[in-house]
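The values are calculated or read from the model by the stated rules, or taken from the named source; none is laboratory data. Model, not experiment: these values are computed from the prediction. Reconstructed Cβ throughout: ideal geometry from the backbone, glycine too, with neighbour counts over all protein chains shown. Just the protein is used for accessible areas: all its heavy atoms, side chains included, with ligands, DNA and RNA removed. Shrake-Rupley method; radii C 1.70, N 1.55, O 1.52, S 1.80 Å.
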Amino acid sequence: MSEYEKVTRFEVIDHTTGGRGRVYSRHDVSIELSYQDDGRTLKVFVDDPKS
């Protein structure tokens, strides 16, 4: 089991200059990570919990 398979909460925190802090938060979800463009792009797919 990979570490992210245990995740049930997903948050995006904006720490950029002028950022707003927590910009997205969801509970009771499953996630899938996808690395693309030779590792330069990370896509996170948020879905309903897996049964």
Somewhere in the range 24-40, is a residue in contact with a helix residue (DSSP H, G or I) (Cβ under 9 Å, 6 or more places away or on another chain), in a loop (DSSP other than H, G, I, E, B), modelled with pLDDT under 95 and of a type outside the set (Phe, Trp, Tyr)? no
So which pairs qualify, if the first residue must be in the range 5-16 and in contact (Cβ under 8 Å) with a residue 40 or more places away in the chain, the second must be open to solvent by less than 90 Å² (accessible area, probe 1.4 Å) and aliphatic (A, V, I, L, M), the Cβ gap must be under 8 Å, and the two must be at least 6 apart or on different chains? Thr8/Val29
Based on this model, can you work out whether Arg9 counts as open to solvent by 80 Å² or more (accessible area, probe 1.4 Å) and in contact with a His (Cβ under 7 Å, 6 or more places away or on another chain)? yes
In the range 12-23, anything part of a strand (DSSP E or B) and either within 9 Å of the chain's Cα centre (by Cα) or surrounded by 10 or more Cβ atoms within 10 Å (Cβ to Cβ) (or both) is listed as Val12, Ile13, Asp14, Arg22, Val23
